[in-house]
1. If you go through the stretch 66-74 one residue at a time, do you hit one that is in contact (Cβ under 8 Å) with a residue 12 or more places away in the chain, outside any strand (DSSP E or B) and among the aliphatic types (A, V, I, L, M)?
2. Name the residue, out of THR22, THR61, that is in a loop (DSSP other than H, G, I, E, B), touching a residue at least 40 places away in the same chain (Cβ under 8 Å) and among the hydroxyl-bearing types (Ser, Thr, Tyr).
3. One residue is enough: does the stretch 38-51 have a residue meeting the conditions touching a Cys at 6+ places or on another chain (Cβ under 8 Å) and loosely packed, with under 12 Cβ neighbours inside 10 Å?
4. Might you let me know whether the stretch 45-58 holds any residue that is modelled with pLDDT of 95 or more, hydrophobic (A, V, I, L, M, F, W, C) and within 11 Å of the chain's Cα centre (by Cα)?
Amino acid sequence: MIKYRAYIDCKLCSDIHPMYITLEIEKGPVKSISIGELYKGKNLPLNMADLKNHKMTCPNTGETFIEKDNYKIYLLPIYPLKGGG
């Protein structure tokens, strides 16, 4: 299993913000990837689909938003990597 932190491409300020969510994927990629790329042509697992309903507050504008675009939600591996690949 590889642990990832979720990040989001903010539609309000165009910056990348942490979602403060950690996920695990068995044999996941060892590089940063959007959930859209990772699951292209497949149904999202429930834990990934839940990211699309997570309300975020932009730290730069103070406004809240929800990002529904799979290609704007990223997973970044937490190092050191253990297992997976």
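1. Keep residues of the stretch 66-74 that are in contact (Cβ under 8 Å) with a residue 12 or more places away in the chain, which gives 66-74.
Next cut, outside any strand (DSSP E or B) only: 66-72.
Filter once more, so that each one left must be among the aliphatic types (A, V, I, L, M): 66.
Checked against the condition, which is being in contact (Cβ under 8 Å) with a residue 12 or more places away in the chain, outside any strand (DSSP E or B) and among the aliphatic types (A, V, I, L, M), the stretch 66-74 yields at least one hit.
2. Working: THR22 fails: in a loop (DSSP other than H, G, I, E, B).
Exactly one residue qualifies, and that residue is THR61.
3. Step one: of the stretch 38-51, the residues touching a Cys at 6+ places or on another chain (Cβ under 8 Å) are none.
No, the conditions are met nowhere in the stretch 38-51.
4. Scanning the stretch 45-58, I find no residue that is modelled with pLDDT of 95 or more, hydrophobic (A, V, I, L, M, F, W, C) and within 11 Å of the chain's Cα centre (by Cα), so the answer is no.
The values are calculated or read from the model by the stated rules, or taken from the named source; none is laboratory data. This structure is a prediction, so every number in the text was calculated from the model and none was measured. Don't worry about glycine lacking a Cβ; one is built from the backbone with ideal geometry, like all the others, and counts go over all protein chains shown.
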